[in-house]
Amino acid sequence: MKKSHTQLSQDQLRELDNLFDEVSERQLKDFGNIAASNKSDGSLITSCDLWSDKKIVDGLSRIAPGEGVLSEEGQKSIPSSEAYWIVDPLDGTTNFAAGIPFWSISVARFVNGIPESSFLIIPTLKKKFLAIQNKGVLLNNKKVIYTNNLQKSDCVSLCSRSIKILQKNPKELFPGKIRLLGVSSLNLTSVAMGQTFGAIESTPKIWDIAAAWLILDELNCKINWLKTNPTNLKAGDDLSAVNFPLIAGRTNQNLSQLQPWGELLLKK
């Protein structure tokens, strides 16, 4: 990744932390007490998604004026500003609506088309990740140290749509124990934290992966973009219907283990 010359100030980081705390508190209050409806693409949405999206987008316009925003519940085209934000206000709405206490707030700031800082909050676990380009990852304000000693897991995170690869290759033994968290950003973050050695995502949108992308990158994990490479995006690109299938791994060896399975996603 090329170095960003435009970084957030400490005052901005503090304001962002306060903003995400406020959104987390509202989501925890609404959890288990709110109904969901279907969007046009069949995915679920709640009033808390919409409130969280507006709260974050409005907050970003105040904290980082002049920087555009792309969000799951709002504008879905790449902004024309050099620095812009990609927001998933509640990644894991199906879990949230079903009473499963596992979802995230996923926000990333991009500069010159690549993530410069990212914020990933898991309200129920009281975990807050902050990744800054070339400066590493903090978890609850403590530096996360990358080490291969973390790689003790024999688990692989799959999304619900990537399960079909097992049906396409029934005679081959899958190289890991399968875990489905139901949250793309957390599937990928589990790789970065050594909880799984790899992940396969079939149809993630840019807002599903934006924050986790930088966390993986800063912890020296590997990503193989199977179809569309998000580093090639341009201002004005409409990403509302664009998927970014990928494999993530702790090491290149892990990618090689999962590569044949990931390629099955692209076969009709």
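For the range 242-251, what are the residues that are surrounded by fewer than 21 Cβ atoms within 10 Å (Cβ to Cβ) and at pLDDT 95 or above?
Here is the first cut: in the range 242-251, the ones surrounded by fewer than 21 Cβ atoms within 10 Å (Cβ to Cβ) are 242-243, 251.
Residues satisfying the conditions are Val242, Asn243.
Could you list, in sequence order, all residues of the range 225-238 that are within 15 Å of the chain's Cα centre (by Cα) and surrounded by 18 or more Cβ atoms within 10 Å (Cβ to Cβ)?
If the condition is that a residue be within 15 Å of the chain's Cα centre (by Cα) and surrounded by 18 or more Cβ atoms within 10 Å (Cβ to Cβ), then Pro230 is the only one that fits.
Condition test on Val69, is it closer than 19 Å to Glu15 by Cα and either part of a loop (DSSP other than H, G, I, E, B) or touching a Gly at 6+ places or on another chain (Cβ under 9 Å) (or both)?
Details: closer than 19 Å to Glu15 by Cα: yes; either part of a loop (DSSP other than H, G, I, E, B) or touching a Gly at 6+ places or on another chain (Cβ under 9 Å) (or both): no.
Criteria not met by Val69.
Within the range 85-96, is even one residue surrounded by fewer than 23 Cβ atoms within 10 Å (Cβ to Cβ), touching a Ser or Thr at 6+ places or on another chain (Cβ under 6 Å) and not β-branched (Val, Ile, Thr)? So that I can check it myself, show each step before the final result.
Going through the range 85-96, the residues surrounded by fewer than 23 Cβ atoms within 10 Å (Cβ to Cβ) turn out to be 93-95.
Then keep just the ones that are touching a Ser or Thr at 6+ places or on another chain (Cβ under 6 Å); that gives none.
Within the range 85-96, none of the residues are surrounded by fewer than 23 Cβ atoms within 10 Å (Cβ to Cβ), touching a Ser or Thr at 6+ places or on another chain (Cβ under 6 Å) and not β-branched (Val, Ile, Thr).
Give me the residue from the range 167-189 that is hydrophobic (A, V, I, L, M, F, W, C) and in contact (Cβ under 8 Å) with a residue 12 or more places away in the chain and, out of that set, farthest from Gly92 (Cα to Cα). Reasoning before the result, please.
Initially, the range 167-189 is screened for residues hydrophobic (A, V, I, L, M, F, W, C), giving 173-174, 178, 180-181, 183, 186, 188.
Filter once more, keeping what is in contact (Cβ under 8 Å) with a residue 12 or more places away in the chain: 174, 178, 180-181, 183, 186, 188.
On the way: Phe174: 25, Ile178: 18, Leu180: 12, Leu181: 9, Val183: 5, Leu186: 9, Leu188: 13 Å.
It comes out as Phe174.
Identify the single condition in (1) assigned to a loop (DSSP other than H, G, I, E, B); (2) at pLDDT 95 or above; (3) of a type outside the set (A, V, I, L, M, F, W, C) that Tyr146 does not satisfy, given that it satisfies every other one.
Only one criterion is unmet by Tyr146, namely (2).
Of (1) of a type in the set (A, V, I, L, M); (2) touching a Ser or Thr at 6+ places or on another chain (Cβ under 6 Å); (3) within 25 Å of Ile100 (Cα to Cα), Met193 satisfies all except one. Which?
If we test Met193 against (1) of a type in the set (A, V, I, L, M); (2) touching a Ser or Thr at 6+ places or on another chain (Cβ under 6 Å); (3) within 25 Å of Ile100 (Cα to Cα), just (2) comes out false.
Can you tell which of Ala199, Ala210 is modelled with pLDDT of 95 or more and either out of contact with any Leu (no Cβ under 6 Å at 6 or more places or on another chain) or closer than 19 Å to Lys128 by Cβ (or both)? Even if it seems obvious, please write down each step before you answer.
Numbers: Ala199 fails: either out of contact with any Leu (no Cβ under 6 Å at 6 or more places or on another chain) or closer than 19 Å to Lys128 by Cβ (or both).
Within the list Ala199, Ala210, the selection yields Ala210.
Looking at (1) more than 19 Å from Asn187 (Cβ to Cβ); (2) touching a residue at least 24 places away in the same chain (Cβ under 8 Å), which is the one condition that is false for Pro89?
So the condition that Pro89 fails would be (1).
Would you check which residues across the range 1-11 are modelled with pLDDT of 95 or more and surrounded by 15 or more Cβ atoms within 10 Å (Cβ to Cβ) and list them?
Step one: of the range 1-11, the residues modelled with pLDDT of 95 or more are 8-11.
Within the range 1-11, Leu8 is the sole residue that qualifies.
Does Arg179 fit the bill of being touching a Cys at 6+ places or on another chain (Cβ under 6 Å), farther than 29 Å from Val111 by Cβ and either acidic (Asp, Glu) or surrounded by fewer than 24 Cβ atoms within 10 Å (Cβ to Cβ) (or both)?
On the way: touching a Cys at 6+ places or on another chain (Cβ under 6 Å): yes; farther than 29 Å from Val111 by Cβ: yes; either acidic (Asp, Glu) or surrounded by fewer than 24 Cβ atoms within 10 Å (Cβ to Cβ) (or both): yes.
Yes, satisfied.
Here are some conditions: (1) closer than 20 Å to Asp217 by Cα; (2) surrounded by fewer than 23 Cβ atoms within 10 Å (Cβ to Cβ); (3) outside the structural domain of Glu25 (by TED's automatic domain parsing). Asn112 meets all but one. Which one does it not meet?
Only one criterion in (1) closer than 20 Å to Asp217 by Cα; (2) surrounded by fewer than 23 Cβ atoms within 10 Å (Cβ to Cβ); (3) outside the structural domain of Glu25 (by TED's automatic domain parsing) is unmet by Asn112, namely (3).
Return the total of residues in the range 194-229 being under 16 Å from Ser117 (Cα atoms) and without any contact (Cβ under 8 Å) to a residue 60 or more places away in the chain. Break it down stepwise before answering.
Initial filter on the range 194-229 (under 16 Å from Ser117 (Cα atoms)): 206-220.
With without any contact (Cβ under 8 Å) to a residue 60 or more places away in the chain added as a condition, the list becomes 209, 216.
Total meeting the criteria: 2.
Given the criterion closer than 24 Å to Ile215 by Cβ and in a strand (DSSP E or B), identify the matching residue among Leu28, Leu90. Even if it seems obvious, please write down each step before you answer.
On the way: Leu28 fails: in a strand (DSSP E or B).
Every option except Leu90 fails the conditions.
The values are calculated or read from the model by the stated rules, or taken from the named source; none is laboratory data. Given the structure is predicted, the values throughout are model-derived calculations rather than measurements. Backbone-built Cβ (ideal geometry, glycine too); neighbour counts: all protein chains shown.
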